[in-house]
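The structure appears below as structure tokens.
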Ligand code: NCD
């Protein structure tokens with residue numbers, strides 16, 4: 001645990017295997033304590049954590065809030081519609097306002113790529129100690145989702161000893177709107193780190209061919225990839241074909257709010273090809289786990305039958321796991337910020 005060194009959590013591109021393991025092992029510890037009967041842990045008592053969600057959210061926002069409360073932190077929640085944004089205040093000045101109130105962590109979601117990065121850079125340049133936790137920026141990055149999906153899949157495949165290396169050479173099929181999905185990008189970083197091979201499945205308009213080079217092209221002129229032996233990415237246009245070899249499947253919502261032009265002939269034709277149904281799932285000879293980050297659009301990307309009756313549908317587990325994973329992230333950032341505290 002003492003080897004945690006990230007002041008901000010903005011992306012999973014710079015996470016080592018050790019970083020991933022620290023998070024999921026701590027989350028697992030919190031998970032075992034997380035029940036209705038126990039009292040909140042005192043770990044972050046006296047700290048102030050603030051969420052700045054410039055874009056709507058149900059799961060992520062509330063599970064961060066619950067995570068902070070489970071650790072006894074004070075929690076402030078910023079609401080754009082009733083804030084001074086309407087008076088012309090910028091996101092950056094809003095963030096700095098909450099730093100001045102003593103926030104040790106700002107949890108930021110924004111519809112534009114890189115806003116949490118820019119805020120973190122600005123706070124650092126001012127010498128402020130506040131950490132930034134990216135809760136989703138545009139189509140770029142959603143680290144806490146990538147981590148909770150890694151935790152959920154690791155727990156599924158390795159329930160007794162929680163070893164993410166169990167993902168080595170597993171085929172994870174991610175279906176749908178990869179182009180606009182920060183979840184897909186963060187999942188690619190977290191799952192490929194332990195050698196899982198990723199198959200991206202969908203039409204060319206939502207998964208351009210260049211995505212096959214995503215992992216190598218990202219690191220060209222930036223920091224060196226801390227992981228040398230990542231799994232590979234391939235692209236498939238056929239769900240019927242690719243499901244046959246999958247060990248797990250992640251379905252995604254069509255992110256219509258980010259589509260600048262019409263990328264589909266019709267939602268009906270998209271669903272005919274790419275909606276995950278029990279008929280398509282039956283083409284795989286194993287009972288593979290099915291994940292979805294939510295919010296789900298029933299019968300568009302996933303059928304109600306799978307959501308409501310398939311025993312390996314892990315959507316509710318993902319939501320439940322989001323709380324201990326986010327507790328782990330808040331806790332780890334506070335060890336950088338405030339010095340180590342006992343759980
Ligand atoms: C996702 C998001 O906001 O990126 N949801 C989430 O955080 N659970 C996916 C989506 O909006 O489709």
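Which value in deg cm²/dmol, rounded to the nearest 500, describes the helix-derived mean residue ellipticity at 222 nm for the chain, given -39,500 (n - 2.57) per DSSP H run of n ≥ 4 and division by the residue count? Intermediate values should be presented prior to the final figure.
Working: 12 runs with 127 residues, N = 343.
Helix contribution divided over all residues of the chain: -11000 deg cm²/dmol.
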Counting DSSP beta bridges with both ends in the chain, the antiparallel % (nearest 5): 5
Tell me the label-point distance for the pair residue 278, residue 114, using the 7 Å Cα-to-Cβ offset, in nm and rounded to one decimal. 4.8
So what is Rg over Rh here for the chain, counting just Cα atoms and using Kirkwood for Rh? 0.96
R0 of 41 Å, Cβ-Cβ distance residue 205-residue 69: FRET efficiency to nearest 0.05: 0.45
Extension gain, residue 287 back to residue 121 (0.36 nm per residue minus Cα-Cα distance, nm): 55.2 nm
For the residues 259, 327, 101, what sequence is obtained by ranking on other C-beta atoms within 10 Å, fewest first? 101, 259, 327
Would you mind checking segment 234-253 for residues with the amide N under 17 Å from a putative spin-label position 7 Å along Cα→C-beta of residue 269? 237-239
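Starting from the alpha-carbon convex hull of segment 143-318, give the projected area averaged over all orientations, in nm².
On the way: hull surface 40.4 nm².
Here the figure is 10.1 nm², rounded to one decimal.
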Residue exposure sequence - 6, 180, 292 - by fewest surrounding Cβ within 10 Å: 6, 180, 292
Just need the relative contact order of the chain here, percent rounded to a whole number, with Cα pairs under 8 Å and 6+ apart. 22
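Once you keep just the Cα pairs under 8 angstrom separated by 6 or more residues, what percentage relative contact order results for segment 146-222? Don't skip to the end; give the middle numbers.
On the way: 86 pairs, mean separation 24.3, N = 77.
With pairs under 8 Å counted, the relative contact order is 32 percent.
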For residue 18 and residue 335, compute 0.36 nm times the residue count separating them, minus their Cα-Cα distance, and round to one decimal in nm. 112.5 nm
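A short reminder: the numbers here are calculations on the coordinates, not readings from a lab. Because the structure is predicted, anything quoted here is derived from the model rather than measured. Ideal geometry is used to build each Cβ from the backbone, glycine not excepted, and the neighbour counts take in all protein chains shown.
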